[in-house]
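Here the structure comes first, spelled out in structure tokens, and everything after it is commentary.
Laboratory data are not the source of any read-out in this text; all were calculated from the coordinates shown. Keep in mind that what you see is a predicted model, and the values were worked out from it rather than measured. Note that each Cβ is placed from the backbone with ideal geometry, even for glycine, and that neighbours are counted across all protein chains shown.
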Amino acid sequence: MLTLFQNRDYARLFAAQVVALVGTGLLTVALGLLAYDFAGDRAGLVLGTAYTIKMVAYVGLSPVAQVVVQRLPRKAVLIGADLIRAGVALCLPFVSDLWQVYGLIFVLQAASATFTPAYQAVLPDVLPEERDYTRALSLSRMAYDLENLTSPALAGLLLTVTSYHWLFLGTVVGFAASAFLVSVAVIPALRGTTAERTFRERLSRGLRIYLATPRLRGLLALNLAAAAVGAFVLVNTVVLVRGGYGAGETGLAIAMASFGAGSMAAALVLPRLLDHLPDRRVMMAGARGLIMVALVIGAMIWLDGLPAWGVFLLVWAVIGFLYSSILTSSGRLLRRSAHAEDRPAIFAAQFALSHACWLLTYPLAGWAGQAMGMGPALMLLAGVGTLGLALAARLWPVGLPEAPEHEHPDLPEDHPHLRAHGGRRHAHAFVIDDEHHVWPTHG
């Protein structure tokens, strides 16, 4: 993986992602403390509202934002989104009412809904070789997991010497540094053109390609499976650790670190595994394992109570490993399923649809844990995951071929089709319908 950093542009973009993630982690801690200042014991309600706003912005605005900025230079879009996020973080320490907090959070998440899909769509052009891109996806997964481990620790260290308001300044520095690193990277211009398409067509194009492609319909179903069990972990681990084991904040940190360590282990193993096995086999195996473990541990908690602390941590690490094995390959599937000019649209569709799964499972995990108890709640979420797995098996048949390379010897050199796809010999992204007819997704 370290050989990827010989590509200076990728190294700068990865560094931009890391510093932005650290800034986001500091913001999460600072926002919780700000909510407590405003609402006291009702801070959870404030944070719940803020995170709901986040998900609504992700689901509703990502495709629209992608269309609005589609004709702008990609580097300018990334830098602009970072600077908007930095500006919002700079304003948050000075708010005087909750509606201001909610409004600023909406603006910040709208900028993130613009930045993240655009950033993800850039990477396949910076790393055109699939082997390199696969390793970049694993590094990205590890960056997210490391941020979950290190940002709270860094925030805690800073809070020993300063007030939480200064954490917002750390967030500003993170987003500003991300903007600078993007500015010094060379980002390839978007190939192809969308100028002749109407706004309505551009708005729906990513979603239409996504839902017309069997492997991506399967990916959406697997996103539901991962989100179902993942939501239980993220929402109810604090209840299990604090209420069930009677552990303190350190115990919660250890539990979440176990989940993150399992996820990072998968990110390290998967690149070599995916060199030899197809994505579908790895992702479906991960989903089956995730659901099986969730059902077993849910039944154990329901019937016998919580397992020993060491067993619990091991189970959370296994869940993290299986969860990551489902999600790490998603970028490879998206890359294969659209031409370069359509990648921003299809990454935006994935961003919106995957977060729609979380928008469903987050409140379900919270309600079920409160109303049914932890064991039955985990089994219910595993049932939702089973539904996702069954849909994935139905929607993503075994043995779909890759996009075939082909030639057009009968077309003149200046034909628009050849200009759009880079020469006589090229590969089309395509879908296969229920009658196994092959349909190119371009045009």
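See the values below:
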| read-out | value |
| --- | --- |
| Highest average packing first - 311-318, 137-144, Cβ atoms within 10 Å | 137-144, 311-318 |
| Theoretical FRET efficiency, 1/(1+(r/R0)^6), r = Cβ-Cβ of residue 163 and residue 242, R0 22 Å, to 0.05 | 0.30 |
| Spin-label pair residue 299/residue 11, simplified geometry with 7 Å Cα→Cβ offset, distance in nm | 5.2 |
| Rounded, prolate or oblate (a/c below 1.5 giving rounded, otherwise prolate when a/b exceeds b/c) for the stretch 78-168 by Cα gyration tensor | oblate |
| Mean Cβ count within 10 Å, highest first, over the residues of peptides 15-27, 216-228, 250-262 | 216-228, 15-27, 250-262 |
| Directionally averaged shadow of the stretch 7-186, computed from the convex hull of its alpha-carbon atoms, nm² | 10.4 |
| By average C-beta atoms within 10 angstrom, highest first, the peptides 340-350, 205-215, 364-374 | 340-350, 205-215, 364-374 |
